[in-house]
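Chemist: Take a look at the following structure, please.
The values are calculated or read from the model by the stated rules, or taken from the named source; none is laboratory data. This is a predicted model, so every value here is computed, not measured. Every residue, glycine among them, receives a Cβ derived from its backbone with ideal geometry; neighbour counts consider all protein chains shown.
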Amino acid sequence: MTRRGLLKWLGGLAIAGASVGTYALAIEPGFLLRTQYYALTPPNWTPGLKLRLVLIADPHLGEPYMSLGRWSRILDLANSLEGDLNLLLGDFAATHRFVTSRIPIADTAHAAKKLTSRLGTYAIIGNHDWWGDATAQSLGHGPTLAERAMEDAGIPVLENRVARLAKDNLPFWLSGTASIVALKTEVRGRFEGRDDLPGTLAQVTDAAPIIHLAHEPDLFTQMPPRVSLTLSGHTHGGQVRLLGWSPIVPSEFGNRFAYGHIIEDGRHLIVSGGLGCSVLPVRLGVPPEITVVDLTG
């Protein structure tokens, strides 16, 4: 290779790197939005029961990447998907240092009142909702500001709680647990959970199928076969995901629960790639998504 050829090659490489960086820092996290579909018949499911679940995970609202205006447009798209249930899977506020303007959780919850579906909207609370609440951290328990805001907006929050619902006279249970890394400790990188999976499932009083909401997918390792389907967010698909592999995943199990539909020992887990960002406002190969799950018996 000649000197001129080498310089041209290096220049092209630099331009390509800058282009990828611009895409990952601005285009994919700030402008793209896809709808990711799954269809399955989970175990212990009632024959004839058909449900469409619309999952909205990890919006991490904050300027400039996730404004209230963008949040409102996402909610409009969610409504157009005609779900039987809208499920908000937590982490409503952006906490990374690149936020230029923070959005009050009350405004986020108030906007979510526009969600419509046959069986309503339910929520759980994410780890960042806990971490950003100084009072909850000090007291060691909730309700968090996020939980109060959602409840004030008429959206039930399933923090270690269950709800019995029915479609076409066919019942099912919706259960949810609190974050497994809710409270920061004095040891950096170590957290305490406020989840109570056994106590939550003990509230189920009949044999109808259970859909469980767990913000962090790591709780799936404790999920009993009685639960038909677990739904999680939290990982953002790693935010960078290439060829089905994410170099960094906020999970003790790495890529095992990073993204998608996971089946282990006959148990089913779906991890949404979510909408927003944490730590760094970067997405590459895993654009923001609304997740739609169609369940049939």
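Chemist: Need a quick list: strands (runs of 3 or more DSSP E) entirely within the range 149-216 having at least 1 residues that are surrounded by fewer than 19 Cβ atoms within 10 Å (Cβ to Cβ) and of a type in the set (Gly, Ala, Ser).
Modeler: 161-167
Chemist: Right, next: If Arg188 meets every condition in (1) within 19 Å of the chain's Cα centre (by Cα); (2) modelled with pLDDT under 95 apart from one, which number is that one?
Modeler: Checking Arg188 against (1) within 19 Å of the chain's Cα centre (by Cα); (2) modelled with pLDDT under 95, the one that fails is (1).
Chemist: Please work out which residue is modelled with the highest pLDDT, limiting yourself to the range 235-276 and to residues that are among the basic types (Lys, Arg) and surrounded by 17 or more Cβ atoms within 10 Å (Cβ to Cβ).
Modeler: By that ranking, first place goes to Arg267.
Chemist: Keeping to the range 261-274, report how many residues are part of a strand (DSSP E or B) and either touching a residue at least 60 places away in the same chain (Cβ under 8 Å) or out of contact with any strand residue (DSSP E or B) (no Cβ under 9 Å at 6 or more places or on another chain) (or both). Step through it out loud before you land on a result.
Modeler: In the first step, residues of the range 261-274 are kept if they are part of a strand (DSSP E or B); the result is 261-264, 267-271.
Now restrict to residues that are either touching a residue at least 60 places away in the same chain (Cβ under 8 Å) or out of contact with any strand residue (DSSP E or B) (no Cβ under 9 Å at 6 or more places or on another chain) (or both): 261, 264, 267-268, 270.
Total satisfying the criteria: 5.
Chemist: Being exposed (fewer than 14 other Cβ atoms within 10 Å of the Cβ) and modelled with pLDDT of 60 or more is the filter here; which residues of the range 16-32 pass it?
Modeler: Scanning the range 16-32 gives Phe31, Leu32.
Chemist: Kindly indicate whether Ser251 is under 20 Å from Ile74 (Cα atoms), in a loop (DSSP other than H, G, I, E, B) and in contact with a helix residue (DSSP H, G or I) (Cβ under 9 Å, 6 or more places away or on another chain).
Modeler: no
Chemist: While we're on this one: For the range 120-129, what are the residues that are under 18 Å from Thr95 (Cα atoms), of a type outside the set (Val, Ile, Thr) and touching a helix residue (DSSP H, G or I) at 6+ places or on another chain (Cβ under 6 Å)?
Modeler: Asp129
Chemist: Picking from Val227, Val286, which residue would you name as being crowded, with 16+ Cβ neighbours inside 10 Å, touching a residue at least 12 places away in the same chain (Cβ under 8 Å) and under 30 Å from Gly48 (Cα atoms)?
Modeler: Details: Val286 fails: under 30 Å from Gly48 (Cα atoms).
Result: Val227 is the single residue among Val227, Val286 that is crowded, with 16+ Cβ neighbours inside 10 Å, touching a residue at least 12 places away in the same chain (Cβ under 8 Å) and under 30 Å from Gly48 (Cα atoms).
Chemist: Taking the range 28-76 as the search range and keeping residues that are charged (D, E, K, R) and assigned to a helix (DSSP H, G or I), which one is farthest from His96 (Cα to Cα)? Step through it out loud before you land on a result.
Modeler: To start, the set of residues in the range 28-76 that are charged (D, E, K, R) comprises 28, 34, 50, 52, 58, 63, 70, 73, 76.
Subsequent filtering for residues that are assigned to a helix (DSSP H, G or I) retains 28, 70, 73, 76.
Numbers: Glu28: 17, Arg70: 18, Arg73: 23, Asp76: 26 Å.
Checking each candidate, the answer is Asp76.
Chemist: Pick from Val292, Val279: which is at pLDDT below 95 and either over 22 Å from Asn160 (Cβ atoms) or assigned to a strand (DSSP E or B) (or both)?
Modeler: Just one listed residue meets the conditions, Val279.
Chemist: In the set Asp91, Asp107, which member is at positive phi and either at pLDDT 95 or above or touching a Ser or Thr at 6+ places or on another chain (Cβ under 8 Å) (or both)?
Modeler: Just one listed residue meets the conditions, Asp91.
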